[in-house]
1. Hey, which of the strands (runs of 3 or more DSSP E) in the range 129-203, taking only ones fully inside, have at least 3 residues that are among the acidic types (Asp, Glu), surrounded by fewer than 19 Cβ atoms within 10 Å (Cβ to Cβ) and modelled with pLDDT of 90 or more?
2. Only one of these is in a helix (DSSP H, G or I) and surrounded by 12 or more Cβ atoms within 10 Å (Cβ to Cβ): 57, 46, 33, 69. Name it.
3. Would you say residue 84 is closer than 26 Å to residue 12 by Cα, touching an Asp or Glu at 6+ places or on another chain (Cβ under 8 Å) and modelled with pLDDT of 85 or more?
4. Restricting attention to the range 9-66, which residues are among the β-branched types (Val, Ile, Thr) and out of contact with any strand residue (DSSP E or B) (no Cβ under 8 Å at 6 or more places or on another chain)?
5. Just checking, how many residues over the range 20-30 are in a loop (DSSP other than H, G, I, E, B) and surrounded by 17 or more Cβ atoms within 10 Å (Cβ to Cβ)?
6. For the range 1-46, how many residues are under 14 Å from the mean Cα position of the chain (by Cα) and small (Gly, Ala, Ser)?
7. Check the range 79-93 and report whether any residue there is of a type outside the set (A, V, I, L, M), out of contact with any strand residue (DSSP E or B) (no Cβ under 7 Å at 6 or more places or on another chain) and more than 22 Å from residue 139 (Cβ to Cβ).
Amino acid sequence: MRDHPISPVTEPLQYRAIGVVRGTYRPESDEQLTRGVLVDDQGQELEAVVLGRMLTLMRRHLAMEQPHLWVVYPRSRDGGHLHLQIAGIWEPSTLDRTDLSPVAEAEPVHDTLPEGDDFFSIRGELIFTRPESGDLVVKVRQQPRADGSRPLPFKLQLKGELPLDQLRHFVSLDVRRQGQDLQVEHCEAIAPMPTRGGKGRGGKGRGRRAEA
């Protein structure tokens with residue numbers, strides 16, 4: 001059994017973008033509970049939506065006026081602000097293990113994680129890096145949906161100084177949220193991305209099409 005809301009990697013080129021944010025969820029209105037903001041302990045408001053069964057869980061089991069450690073999927077929005085999709089909660093002291101989240105299965109002693117709050121695991125193709133300004137972009141591909149459709153990949157805007165020679169490589173990043181930014185703390189370049197038909201833009205390989 002696992003004691004962590006972020007599951008271990010099972011494939012070298014496994015895409016993902018997942019993290020944890022501690023905050024108080026405030027819905028947009030009493031009529032629109034699935035959209036709102038997460039407010040952290042500094043008063044920073046993060047745009048958020050609630051996914052799937054989490055809405056029922058929140059209504060039945062959580063004190064919504066209090067902060068919780070949410071399991072979230074990050075997205076980048078225009079203007080550089082962060083958008084979070086709330087997929088679960090990490091709070092074993094409150095919830096049964098079957099209710100924790102789509103990726104959490106165990107019951108550790110504490111409601112905290114070794115990595116601390118605001119930790120994210122980002123894995124994907126580095127498609128842009130500008131070391132002098134600390135800007136970079138990672139493309140993340142999603143798994144096919146239950147109906148067989150394939151969602152489009154999305155791009156995450158991050159902060160960090162990754163060298164140009166890692167461009168068009170599959171990278172694994174440990175990231176920390178700082179306000180509206182996701183700041184890279186550690187990077188591992190896993191492998192160069194293969195080219196399509198032996199050709200790539202400017203001699204660089206393009207991202208492969210296979211889903212992780």
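The values are calculated or read from the model by the stated rules, or taken from the named source; none is laboratory data. Every value quoted in this text rests on a predicted model; they were computed, and no experiment measured them. We place every Cβ from the backbone using ideal geometry, glycine too, and count neighbours over all the protein chains shown.
1. In the range 129-203, 181-192 are the strands (runs of 3 or more DSSP E) which contain 3 or more residues that are among the acidic types (Asp, Glu), surrounded by fewer than 19 Cβ atoms within 10 Å (Cβ to Cβ) and modelled with pLDDT of 90 or more.
2. Working: 46 fails: in a helix (DSSP H, G or I); 33 fails: in a helix (DSSP H, G or I); 69 fails: in a helix (DSSP H, G or I).
Exactly one of 57, 46, 33, 69 is in a helix (DSSP H, G or I) and surrounded by 12 or more Cβ atoms within 10 Å (Cβ to Cβ), namely 57.
3. Yes: the conditions hold for residue 84.
4. Of everything in the range 9-66, those that are among the β-branched types (Val, Ile, Thr) and out of contact with any strand residue (DSSP E or B) (no Cβ under 8 Å at 6 or more places or on another chain) turn out to be 10, 56.
5. Of the residues in the range 20-30, 0 are in a loop (DSSP other than H, G, I, E, B) and surrounded by 17 or more Cβ atoms within 10 Å (Cβ to Cβ).
6. 3
7. Yes, that holds for at least one residue.
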